[in-house]
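Participant: Quick one: structure below, then a few questions.
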Amino acid sequence: MAEADQTRLLALIEMPALLVEADKVTFANRAALALLGAHIVGENVRIALRAPDAVALIMRPDGGHARITGVSVPGSIWEMACHVLDGGARLVTLQDMSIQVSVARAHADFVANASHELRTPLAAIIGYVETLSDEKAGEDRQTRERFLGIIRREARRVQSLVEDLMSLSRIEAVKHEAPTDPVDIVALAREVAGEFGETSSVEVTSDAAQAIVGGDRSQLAQAIRNLVDNALKYGRPGGKVAISIEASATGWLLLQVTDDGEGIAPEHLPRLTERFYRADASRSRSLGGTGLGLAIVKHIIERHRGRFDVSSRLGQGTTASITLPLSGDQL
Amino acid sequence: MVTSSTPQFQSEIGQLRGLIAEMGGLAEVAITDAIDALVRHDEDLAHTVVAGDAKLDALEAEVDRLAVRIIALRAPMADDLRDVIAALKISGVIERIGDYAKNIAKRVGEIDDRRKFEPLTLIPVMAGIAQSMVRDVLNAYGARDATLAIEVINRDEKVDNFYDSIFRNLVAHMMENPSTISTAAQLLFVARNLERIGDHATNVAEMVYFAATGLYYSERGNPGGLEKVI
């Protein structure tokens, strides 16, 4: 192939590609210039790619592959290929592997975390059951009651964890299908608030009589339930939890769940929706939290093409906000 | 660029710049690996970092030889001369950065394996800032980007402030937990090494600024110093 044809062909490719002759970059396509900088053509190839593994690969007489890190942003992972062309020039291409690697890592982390979360209550259950089987401890009524209470609590925890994990995987399975059933969020919020009973004060206010979104009723109920549940758990004991709904003229619905608890420190806010992330691990566990509640909310809202956000001020309380697109015929 | 030189000469300058970039790439990896080794208490990785420093020394010697050869045989002028002088000085500084990474790696064996040791969690954050300075200054060198170089110089204050706060934190920790004094003292040296890496990244940035503009950074904005020195 003539050289002009080669470069014309490379210019069409979307992955970053470079031609290198005698250690000098003689051509870089647009993706390569965007990735490595507009200055690289005419420079020594090591100015463009200085990672030791990249340098070693380019110096090899026969070409090959290497995995290098940090080409675009620190920690990014790239698969680099180097082919020797007729005439001795080298074709260097780069492929971003960061997403694949991080998905694999996230999956491995999730499995590790989930097993850890399941193992802890199971270890407690087995331990107390073994102790109760011992005649001395099992016959003392007070001890027995106390141990049975712990076993019951830990078993419940495993149960709710398994339920949450199943919810998450069900939501994941359908996440690419946007749900379309008409759901009235105002009625749904009142219904969920009612589930928490007369004793807790969950107040619902809305600026519209009804607000219809296209959605999955049971999932949306679960999202609101999780938020109210969190607000009651982490709010001020005996404090108020408010659900406010605004179905303004913009075509979006805003639902906010506000508590007047002690708030969440700013460094925790970005990570709250990570699975098993807890701002206060011991408190969450003692309240029976699974560490999955907000992850579930986030997944549900994303499936509904909406946004989920938490804002908080220490000492003043926390507000969780859901934004959802209103159904077309509402307007 | 003002150059009046042959393609052969340009290729030698390119070779020189390539060597500097290669040294930079090695130094970056050395810092990353040294901090990884420290945090994970991985003595094998620490040994790799220590052993890898020889390569940086060899490259520095190669830069010296090539630079002297270019000056002796080609008598470079203007931008070319600045490139060669900057390369000579920068290679020395990057070699020092590699030494600091090596020094951090050498301490891994001296530090007890306590992942929960609270001050240890501050070190990677500080290392992240120092690493980003090294990374960006090498990008600035490759792109001859004086603006990015100035930005790196300004970031040094962040590393210095972090160093002060780690210092106070570690001293307080030592007073409260005398049993951790030897580990905490090692971490003081690590923090000190990171602070020095930040300083040296700043030195490189000043030379990148010099090579790109012909001005000494300290004389920028000073009316008397505005004339190009070469």
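The values are calculated or read from the model by the stated rules, or taken from the named source; none is laboratory data. Remember, predicted model here, so these are calculated numbers, not experimental data. Cβ sites come from the backbone with ideal geometry, for glycine too, and all protein chains shown count toward neighbours.
Participant: Scan segment B:5-18 and give yes if some residue there is out of contact with any strand residue (DSSP E or B) (no Cβ under 9 Å at 6 or more places or on another chain), in contact (Cβ under 8 Å) with a residue 24 or more places away in the chain, under 27 Å from B:D199 (Cβ atoms) and buried (at least 22 other Cβ atoms within 10 Å of the Cβ), otherwise no.
Facilitator: No, because not a single residue in segment B:5-18 is out of contact with any strand residue (DSSP E or B) (no Cβ under 9 Å at 6 or more places or on another chain), in contact (Cβ under 8 Å) with a residue 24 or more places away in the chain, under 27 Å from B:D199 (Cβ atoms) and buried (at least 22 other Cβ atoms within 10 Å of the Cβ).
Participant: I'd like to check something: does segment A:25-45 contain any residue that is farther than 23 Å from B:V137 by Cα and within 11 Å of chain B (Cβ to nearest Cβ)?
Facilitator: Start the filter on segment A:25-45 by keeping residues that are farther than 23 Å from B:V137 by Cα, which leaves A:26-27, A:29-30.
Still in the running and within 11 Å of chain B (Cβ to nearest Cβ): none.
The answer is no, given that none of the residues of segment A:25-45 is farther than 23 Å from B:V137 by Cα and within 11 Å of chain B (Cβ to nearest Cβ).
Participant: For segment B:38-87, what are the residues that are at pLDDT below 90, within 20 Å of B:G24 (Cβ to Cβ) and of a type in the set (K, R)?
Facilitator: Result: B:R82, single match.
Participant: Of all residues in segment A:1-49, which are touching a Lys or Arg at 6+ places or on another chain (Cβ under 8 Å), over 17 Å from A:I68 (Cβ atoms) and assigned to a helix (DSSP H, G or I)?
Facilitator: Within segment A:1-49, just A:A11 meets the criteria.
Participant: If I filter segment A:290-304 for residues that are among the hydrophobic types (A, V, I, L, M, F, W, C), surrounded by fewer than 19 Cβ atoms within 10 Å (Cβ to Cβ) and assigned to a loop (DSSP other than H, G, I, E, B), do I get at least one hit? Write out each step before concluding.
Facilitator: The first filter runs over segment A:290-304 and keeps only residues among the hydrophobic types (A, V, I, L, M, F, W, C), leaving A:292, A:294-297, A:300-301.
Those still in the list that are surrounded by fewer than 19 Cβ atoms within 10 Å (Cβ to Cβ) too: none.
Within segment A:290-304, none of the residues are among the hydrophobic types (A, V, I, L, M, F, W, C), surrounded by fewer than 19 Cβ atoms within 10 Å (Cβ to Cβ) and assigned to a loop (DSSP other than H, G, I, E, B).
Participant: Now for a different question. Just to be sure I understand, how many residues within segment B:141-158 are surrounded by 22 or more Cβ atoms within 10 Å (Cβ to Cβ) and either without any contact (Cβ under 8 Å) to a residue 40 or more places away in the chain or at the interface with chain A (Cβ under 10 Å from one of its Cβ atoms) (or both)? Steps first, please.
Facilitator: Initially, segment B:141-158 is screened for residues surrounded by 22 or more Cβ atoms within 10 Å (Cβ to Cβ), giving B:141-142, B:149, B:152.
Then drop every residue that is not either without any contact (Cβ under 8 Å) to a residue 40 or more places away in the chain or at the interface with chain A (Cβ under 10 Å from one of its Cβ atoms) (or both), which leaves B:141-142.
Qualifying residue count for the region: 2.
Participant: How many of the residues in segment B:62-100 are within 24 Å of A:V55 (Cα to Cα) and either charged (D, E, K, R) or under 17 Å from the mean Cα position of the chain (by Cα) (or both)?
Facilitator: 21
Each row is one residue, and each column tells you yes or no for (1) buried (at least 19 other Cβ atoms within 10 Å of the Cβ); (2) out of contact with any helix residue (DSSP H, G or I) (no Cβ under 9 Å at 6 or more places or on another chain); (3) among the hydrophobic types (A, V, I, L, M, F, W, C).
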residue	(1), (2), (3)
B:D42	no, no, no
B:V63	yes, no, yes
B:R74	no, no, no
B:D80	yes, no, no
B:D83	yes, no, no
B:Y100	yes, no, no
B:A105	yes, no, yes
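Residue-wise test of (1) surrounded by 14 or more Cβ atoms within 10 Å (Cβ to Cβ); (2) modelled with pLDDT under 85; (3) over 30 Å from B:E12 (Cβ atoms); (4) away from chain B (no Cβ under 14 Å).
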position: A:D53; (1), (2), (3), (4): yes, no, no, no
position: A:V71; (1), (2), (3), (4): yes, yes, no, no
position: A:L94; (1), (2), (3), (4): yes, no, no, yes
position: A:H107; (1), (2), (3), (4): no, yes, yes, yes
position: A:T120; (1), (2), (3), (4): yes, yes, yes, yes
position: A:K136; (1), (2), (3), (4): no, yes, yes, yes
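Participant: To continue, here is another question. Sort through B:A87, B:A72, B:A130, B:A105 and tell me the only one that's part of a helix (DSSP H, G or I), over 14 Å from B:G198 (Cα atoms), aliphatic (A, V, I, L, M) and within 14 Å of chain A (Cβ to nearest Cβ).
Facilitator: B:A87
Participant: Let me ask something else. Please count how many residues of segment A:55-69 are facing chain B (nearest Cβ under 9 Å), under 17 Å from A:E21 (Cβ atoms) and not in a helix (DSSP H, G or I). Steps first, please.
Facilitator: Initial filter on segment A:55-69 (facing chain B (nearest Cβ under 9 Å)): A:55, A:69.
Next cut, under 17 Å from A:E21 (Cβ atoms) only: A:55.
Subsequent filtering for residues that are not in a helix (DSSP H, G or I) retains none.
Here the count works out to 0.
Participant: Looking at A:S282, A:S244, A:S248 in this structure, which one is in the same structural domain as A:I212 (by TED's automatic domain parsing), loosely packed, with under 14 Cβ neighbours inside 10 Å, polar (S, T, N, Q) and touching a strand residue (DSSP E or B) at 6+ places or on another chain (Cβ under 8 Å)?
Facilitator: Values: A:S282 fails: touching a strand residue (DSSP E or B) at 6+ places or on another chain (Cβ under 8 Å); A:S244 fails: loosely packed, with under 14 Cβ neighbours inside 10 Å.
When all the criteria are applied, what remains is A:S248.
Participant: Could I ask something else about it? Would you mention how many residues in segment A:213-235 are in a strand (DSSP E or B) and either free of Cβ contacts under 8 Å to residues at least 12 places away in the same chain or buried (at least 20 other Cβ atoms within 10 Å of the Cβ) (or both)?
Facilitator: Start the filter on segment A:213-235 by keeping residues that are in a strand (DSSP E or B), which leaves A:213-215.
Pick out the ones that are also either free of Cβ contacts under 8 Å to residues at least 12 places away in the same chain or buried (at least 20 other Cβ atoms within 10 Å of the Cβ) (or both) and you get A:213, A:215.
Of the residues in segment A:213-235, 2 are in a strand (DSSP E or B) and either free of Cβ contacts under 8 Å to residues at least 12 places away in the same chain or buried (at least 20 other Cβ atoms within 10 Å of the Cβ) (or both).
Participant: A further question follows. Counting only residues that are within 11 Å of chain A (Cβ to nearest Cβ) and of a type in the set (D, E, K, R), which one in segment B:5-37 is nearest to B:S132 (Cα to Cα)?
Facilitator: Ranking the qualifying residues of segment B:5-37, first place goes to B:E28.
Participant: Among B:Y216, B:Y163, which is at pLDDT below 85 and of a type in the set (F, W, Y)? Quick ask: steps written out before the conclusion?
Facilitator: Working: B:Y163 fails: at pLDDT below 85.
Criteria check complete, one pass: B:Y216.
The rows are residues; the columns are (1) small (G, A, S); (2) over 20 Å from B:K102 (Cα atoms); (3) in contact with a Cys (Cβ under 9 Å, 6 or more places away or on another chain).
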site: B:I20; (1), (2), (3): no, no, no
site: B:G25; (1), (2), (3): yes, no, no
site: B:A37; (1), (2), (3): yes, no, no
site: B:H47; (1), (2), (3): no, no, no
site: B:A72; (1), (2), (3): yes, yes, no
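Participant: Would you mind stating whether B:R40 is away from chain A (no Cβ under 13 Å) and basic (K, R)? Lay out the reasoning, then the answer.
Facilitator: Values: away from chain A (no Cβ under 13 Å): yes; basic (K, R): yes.
Yes: the conditions hold for B:R40.
Participant: Shifting gears a bit: Given A:L232, A:L227, which one is within 18 Å of the chain's Cα centre (by Cα), modelled with pLDDT of 80 or more and closer than 12 Å to A:V202 by Cα?
Facilitator: Numbers: A:L232 fails: within 18 Å of the chain's Cα centre (by Cα).
When all the criteria are applied, what remains is A:L227.
Participant: In segment B:108-127, which residues are in a loop (DSSP other than H, G, I, E, B) and in contact with a His (Cβ under 8 Å, 6 or more places away or on another chain)? Quick ask: steps written out before the conclusion?
Facilitator: Step one: list which residues in segment B:108-127 are in a loop (DSSP other than H, G, I, E, B), which gives B:111-117.
Within segment B:108-127, B:I111, B:D113, B:R115 meet the criteria.
Participant: Inspect all residues belonging to segment A:118-135 and state whether any of them is within 15 Å of A:G289 (Cβ to Cβ), in contact with a Lys or Arg (Cβ under 6 Å, 6 or more places away or on another chain), outside the structural domain of A:S218 (by TED's automatic domain parsing) and not aromatic (F, W, Y). Step through it out loud before you land on a result.
Facilitator: Keep residues of segment A:118-135 that are within 15 Å of A:G289 (Cβ to Cβ), which gives A:118, A:120-121.
Subset that is in contact with a Lys or Arg (Cβ under 6 Å, 6 or more places away or on another chain): A:121.
Going one step further and asking which of them are outside the structural domain of A:S218 (by TED's automatic domain parsing), we end up with A:121.
Next cut, not aromatic (F, W, Y) only: A:121.
Checking segment A:118-135: at least one residue is within 15 Å of A:G289 (Cβ to Cβ), in contact with a Lys or Arg (Cβ under 6 Å, 6 or more places away or on another chain), outside the structural domain of A:S218 (by TED's automatic domain parsing) and not aromatic (F, W, Y).
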